[in-house]
Amino acid sequence: MDKQMTAAEVVSQLEDGMTIGIGGWGPRRKPMALVREILRSDLKDLTLVSYGGADVGMLCAAGKVKKLVFAFVSLDFIPLEAHFRKARQSGSIEVMEIDEGMMLLGLRAAAWGLPFIPTEIGLGTDIVTKNPDIKLIDSPYDDKEWVAMPALNLDASLIHVDHADARGVCQISGPDHYMDDMFARAAKKTYVSCDELVDSSYFNSPEQARLVFWERAATAGVVHIPGGAHPSSCSPLYGFDVPHFKEYSAAAKDEAGFGGYADKYLGASEADYQTAVGGLDAIRQIPLPTY
Amino acid sequence: MSNEYTLAELCICASAEAFRDDGEVLATGIGVIPRLAASLAMQSFNPDLMMTDSEAWILSAPNPIGPRGDDFVPATESWMGFSRIFDNVWSGRRHAMLGPTQVDRWGQSNTSALGGTYDAPKTMMLGARGFPGNSISHQNSFFVPGHSARVFIEGECDFVSSIGYNPERLPKGRSLDDVDIRLIITDLCVMDFGGANHQVRLRSLHPGIALEQVLENTGFPIEVPDSVPTTAAPTAEQLAIIAALDPHNQRAMQIKDNPAGDRS
């Protein structure tokens, strides 16, 4: 089955009001080209679930977000995400603020078809007081109360990987696949952008196949977009774009705001965007970060 | 004893003490001083500690901070991506040292929202991050580079990211003794929760710091023992280990004006 499609075709399958999971972590391996395609669309009222970075900041700034499920939004080297902060401080988005691990449990519950997973995370904190939808339950096996972390059922997930084939076998050869396998499993439809599209025989070597973290049946669509994670990183191919993130962050304080950034870079297509940021070769030369 | 050391180096050594008796746990220090503290502990008195490269691998020896040159080979020991970090966190075999924006008298901390309302906070920060899970799963310590009543607030945190010793928030079926907050290391002193009913208690004052300075800059009462020792100065051996772990001297940029460690 050939699952290749364009970014515009992915976005055409998304609907207003959907709950969308976004893979990656902070400034790392975010499906930014797919996010940009949403920015170019009239899609709105989205609920996002994300280990957030500029994906969340941009979609908030563009008014696409009704509700955000998050544990943090950060660019790491710029700890506070300026556009997300602006959205929160203006009260323009609803939030479900949870712990990083709770998000993993919510995705797992969705992936496994469970209504919730019990956990002690959140007890004694404002996670349970600020989220009336998160219930406490008694255990049938002890006398303690537990948090029933609800399933984070996703209508769609967007993920960026380094290699994929047309059938949706996806490889993450950077050091961490984060929770992307759970994002893929928690969603009705998972759309994956890849830096390199490979022939299926690429995976015949166990070394390559070992870096595949979910089965192709969990992948609904594959979009070949070299450099598609920019300005986030896609290890081992390229790091995150520090000057670009700085300019993007500074835009939150400009009069033109995110609109000024979008006017300068977004363009009508990913080709326009890549031209505006200096081209694919420049993206691929961004060094990997040192932690 | 060395007479020449910075406040940052004093704080690194004082913070390293938090990990001394931990045994074989994952030591996570977020930020330059906590990371160097955990690394120093692993390189000296607690070699059983585990540590990551802050990305996705467990190391047998801590990486120096900053650019390490093309020929540097990290002592990789096992894979430790974020999903596996949670497996470790929930096992309880971890000690995290972090720097929240607010800490209250119960040891609850805030990393998320300040002022305004929850729906529209005056200042939005990171979010709860992993604090809720860390605080209920394993021991934690705090590093506060600027000891003030704005950090150690009089009332309760604007947003409670981590569970503390607050009886009013105690979950059903649990005891306050289940909470395990170890040390608070600041630019003025070292404190713990060893006072009556888990009250914050002064453990040591940094060289040249008066008790009044700590009391004036803490928004809640703390227990002060009859005799308060002075925080131990770094040894020459500790300073050498720190220098090797931080070859670009990032520690000099962590506390305003990089003051000397002895302020008497």
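Here are a few things to note about the model shown:
- Of the residues B:123, B:14, B:83, the one whose Cα sits farthest toward the positive end of the charge dipole of the range B:7-253, with +1 on the Cβ of Lys and Arg and -1 on the Cβ of Asp and Glu, is B:123.
- Applying the Karplus relation 6.51 cos²θ - 1.76 cosθ + 1.60 with θ = phi - 60° to the range B:164-174 yields 3J(HN,Hα) values of x, 8, 9, x, 5, 10, 5, x, 4, x, 10 Hz, where x marks Gly and Pro.
- Residues whose placed amide H lies under 5 Å from that of residue A:81, excluding near-sequence neighbours: A:75
- Think of chain A as having a plus end and a minus end, set by charges on the Cβ of Lys, Arg, Asp and Glu; of A:50, A:234, A:92, A:92 sits farthest toward the positive end of this dipole.
- About its Cα centre, the dipole of the protein assembly as shown is roughly 720 debye, where the only charges are +1 on Lys and Arg Cβ and -1 on Asp and Glu Cβ.
- Label positions at residue B:216 and residue B:243, each projected 7 Å from the Cα along the C-beta direction, are separated by 3.6 nm.
- Cross-linked pairs A:246/B:256; A:189/A:253; A:64/A:253; A:86/A:246; A:189/A:246: Cα-Cα separations exceed 25 Å for A:189/A:253; A:189/A:246.
- For residue B:28, the residues 5 or more places off, or on other chains, whose built amide H falls under 5 Å of its own are B:95, B:96, B:97.
- The residue B:197 and residue B:44 beta-carbon pair, evaluated with R₀ = 60 Å, returns a calculated FRET efficiency of approximately 0.95.
- For the range B:103-152, heavy-atom accessible area (probe 1.4 Å) falls by no less than 50 Å² from the chain alone to the full protein assembly at B:118, B:124, B:126, B:129, B:132, B:136.
- Prolate/oblate/rounded call for the range A:36-76, Cα gyration tensor, a/c under 1.5 rounded: oblate
- The mean accessible area for residues of chain A, using a 1.4 Å probe and ignoring ligands and nucleic acids, is 38 Å² per residue.
- Carbon and sulfur %, accessible surface of the protein assembly as shown computed with the full protein complex present, 1.4 Å: 50
- Averaged per residue, the range B:172-264 has 49 square angstrom of accessible surface, using a 1.4 angstrom probe with ligands and nucleic acids left out.
- Protein-protein interface of the range B:165-183, residues with accessible area decrease of at least 10 Å², isolated chain reference, 1.4 Å probe: B:169, B:171, B:172, B:173, B:174
- Environment charge at residue A:95 (Cβ cut-off 10 Å; Lys +1, Arg +1, Asp -1, Glu -1): 0
- Amide H contacts of residue B:186 (H built 1.01 Å from N, in plane; Pro and chain starts excluded): B:144, B:191 sit under 5 Å, all sequence-distant by 5 or more or on other chains.
- Contact residues in the range A:43-90 (at least 30 Å² less accessible area with all protein chains than alone, 1.4 Å probe): A:72, A:80, A:85, A:88, A:89.
- Under 16 Å from the Cα of residue A:30 - lysines, other chains or at least 8 residues apart: none
- In order along the range A:88-100, the Karplus-derived 3J(HN,Hα) couplings, from 6.51 cos²θ - 1.76 cosθ + 1.60 at θ = phi - 60°, round to 5, 5, 8, x, 7, 10, 7, 9, 10, 8, 9, 7, 3 Hz, and Gly and Pro are given as x.
- Cα centroids of the range B:21-44 and the range A:139-157: 33 Å apart.
- Cα gyration tensor category, rounded, prolate or oblate, for chain A with a/c compared to 1.5: oblate
- Fluctuation leader among B:33, B:65, B:12 - chain B, Gaussian network, Cα springs under 10 angstrom: B:65
- Summed residue charge, Cβ within 12 Å of residue A:82's Cβ, Lys/Arg positive, Asp/Glu negative: +2
- Cross-linked pairs A:44/A:67; A:44/A:135; A:3/A:44; A:44/B:122: Cα-Cα separations exceed 21 Å for A:44/A:135; A:3/A:44; A:44/B:122.
- Residue among B:101, B:230, B:117 with the largest mean-square fluctuation in a Gaussian network model of chain B, springs linking Cα atoms under 10 Å: B:117
- Global form of the range A:87-150, assessed from the alpha-carbon gyration tensor, a/c cut-off 1.5: oblate
- Exposed loop sites here are GluC sites (Glu not before Pro) assigned a DSSP state other than H, G, I, E or B and surrounded by at most 13 other beta carbons within 10 Å; excluding them, the longest clear run of chain B is B:25-153.
- In order along the range A:38-47, the phi-based Karplus estimate (6.51 cos²θ - 1.76 cosθ + 1.60, θ = phi - 60°) of 3J(HN,Hα) comes to 5, 4, 7, 9, 9, 4, 8, 6, 7, 9 Hz; Gly and Pro are listed as x.
- Taking Cα centre as origin and charging only the Cβ of basic (Lys, Arg, +1) and acidic (Asp, Glu, -1) residues, the dipole magnitude of the range B:7-253 rounds to 380 debye.
- Chain pair A, B: total accessible area buried, heavy atoms, 1.4 Å probe, Å²: 4000
- Computed per residue of the protein assembly as shown from DSSP H runs no shorter than four, each worth -39500 (n - 2.57), the mean residue ellipticity at 222 nm is -7000 deg cm²/dmol.
- Max mean-square fluctuation residue, GNM over chain A, Cα-Cα springs under 10 Å, options A:86, A:144, A:66: A:144
- Summing +1 for each Lys or Arg and -1 for each Asp or Glu among the other residues whose beta-carbon sits under 9 angstrom from that of residue B:82 gives -1.
The values are calculated or read from the model by the stated rules, or taken from the named source; none is laboratory data. The shown structure was predicted, so the numbers you read here are calculated from the model rather than taken from an experiment. Heads up, the Cβs are rebuilt from the backbone with ideal geometry, glycines too, and the neighbour counts pull from every protein chain shown. The protein model used for the area step is the full one, side chains on, heavy atoms only, and it has no ligands, DNA or RNA in it. Shrake-Rupley method; radii C 1.70, N 1.55, O 1.52, S 1.80 Å.
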